[in-house]
């Protein structure tokens, strides 16, 4: 049975996140999206931890459900944590996702962090002054079944490989604990094809998650596993053993849509490809301030593999969220009533958003929605899209290429 998993998202207790992110609302939204197994998110926050205890009941194997079985969605215990510390004469800002096998493991690590003086009440994604290597040691001392997965590893400001405050390798960040890093999260601004250019990543699996700050963004990236049922134990086994037969694929953003794909300076609305950045001396041509170096450039900087990549590219498929496809066709905003109405017409109790985006035939799509929207979905499946890349915190714009000919995406890359 194919299980779609999104284990990195946020709750209403995280800064700049929707107040609609409650556990019942997340469960319902996952059913609409086609997500079977979802992270609780923000599990260190005391108020959210209380809601987890109130709203969810344990099923065994590290899986949870809404009490009284009010939803098909299953949950696993998860949180993101921000580590800010000094290493090698530099300030490091690195985010990680932690996954827990049980409430006991979660509560024991929560207590250990609290005893270290960490303020876990400040935000759903707490900031702690703990070195990444020390955090992983602490977690595994609490329970060796806990997983730590470096989050959105290429984001310039807050990531393992970030151009502003990260490292050049997993080993540089985690030292002797590197052997316990079984997977990394590639983030919205990169995909497996880009990550295949680093041979050092052959030893880890590449996972993708939504990092959603609203219900609408759940599942914008996700993972597809072969499991008999949603299970933390089985998820951990697949990651630890690098079971590539059971890890089917990831569902990805087109990376150009990520808000740190290209180099640029948002204040001046300027972006460019890595070759031009070099010619500009890394400075904005409008104001002379430093450009924010994006993910494409950062990967170029530390890549060691440039040819014959196909054998190293982890299976994946790229999507545009359905509401964005509808919006691009009908010409109004993604949160407009017209888009919501059409979305509700296409997605039903029997047909999730992932069904529509990935599996429903062209003939069935045309019976469900307009010929234009059906064509746009098929164009997206084929990777035939037009691109305005994201940069310096500004999301890119990806639209289905509906006019024939060579897509802008292919020309840009």
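Could we say that residue 88 is farther than 26 Å from residue 228 by Cβ, surrounded by fewer than 20 Cβ atoms within 10 Å (Cβ to Cβ), modelled with pLDDT under 95 and out of contact with any helix residue (DSSP H, G or I) (no Cβ under 7 Å at 6 or more places or on another chain) here? For residue 88, the condition - farther than 26 Å from residue 228 by Cβ, surrounded by fewer than 20 Cβ atoms within 10 Å (Cβ to Cβ), modelled with pLDDT under 95 and out of contact with any helix residue (DSSP H, G or I) (no Cβ under 7 Å at 6 or more places or on another chain) - is met.
Taking the range 247-297 as the region of interest, the strands (runs of 3 or more DSSP E) fully inside it that hold 2 or more residues being in contact with a helix residue (DSSP H, G or I) (Cβ under 8 Å, 6 or more places away or on another chain) are 247-253. Residues that are more than 26 Å from the chain's Cα centre (by Cα), assigned by TED's automatic domain parsing to the domain that holds residue 121, more than 20 Å from residue 8 (Cα to Cα) and assigned to a helix (DSSP H, G or I) occur at least once in the range 69-83.
Residues in the range 309-328 that are touching a residue at least 24 places away in the same chain (Cβ under 8 Å) and either farther than 20 Å from residue 224 by Cα or out of contact with any strand residue (DSSP E or B) (no Cβ under 7 Å at 6 or more places or on another chain) (or both): 309, 312, 313, 321, 322, 323, 324, 325, 326, 328. Among the conditions (1) under 25 Å from residue 8 (Cβ atoms); (2) exposed (fewer than 15 other Cβ atoms within 10 Å of the Cβ); (3) in contact with a strand residue (DSSP E or B) (Cβ under 9 Å, 6 or more places away or on another chain), the only one that residue 289 does not satisfy is (1). Does the range 252-269 contain any residue that is buried (at least 19 other Cβ atoms within 10 Å of the Cβ), within 14 Å of residue 2 (Cβ to Cβ), assigned by TED's automatic domain parsing to the domain that holds residue 100 and in contact (Cβ under 8 Å) with a residue 60 or more places away in the chain? No, every residue in the range 252-269 fails to be buried (at least 19 other Cβ atoms within 10 Å of the Cβ), within 14 Å of residue 2 (Cβ to Cβ), assigned by TED's automatic domain parsing to the domain that holds residue 100 and in contact (Cβ under 8 Å) with a residue 60 or more places away in the chain. For the range 108-126, taking the residues that are surrounded by fewer than 16 Cβ atoms within 10 Å (Cβ to Cβ) and in contact (Cβ under 8 Å) with a residue 12 or more places away in the chain, the one that is nearest to the chain's Cα centre (by Cα) is identified as 121. Would you check if there is a residue in the range 51-63 being out of contact with any strand residue (DSSP E or B) (no Cβ under 8 Å at 6 or more places or on another chain), within 15 Å of residue 213 (Cα to Cα), surrounded by fewer than 19 Cβ atoms within 10 Å (Cβ to Cβ) and modelled with pLDDT of 95 or more? No, that holds for no residue. The residue that is nearest to the chain's Cα centre (by Cα), among those in the range 319-339 that are over 14 Å from residue 373 (Cβ atoms) and not in a loop (DSSP other than H, G, I, E, B), is 319.
Got at least one residue in the range 212-221 being modelled with pLDDT of 95 or more, assigned to a helix (DSSP H, G or I), under 30 Å from residue 333 (Cβ atoms) and out of contact with any helix residue (DSSP H, G or I) (no Cβ under 6 Å at 6 or more places or on another chain)? So far as the range 212-221 goes, yes, one or more of its residues are modelled with pLDDT of 95 or more, assigned to a helix (DSSP H, G or I), under 30 Å from residue 333 (Cβ atoms) and out of contact with any helix residue (DSSP H, G or I) (no Cβ under 6 Å at 6 or more places or on another chain).
The values are calculated or read from the model by the stated rules, or taken from the named source; none is laboratory data. Worth saying up front: this structure is predicted, and the values here are computed from it rather than measured. Cβ sites come from the backbone with ideal geometry, for glycine too, and all protein chains shown count toward neighbours.
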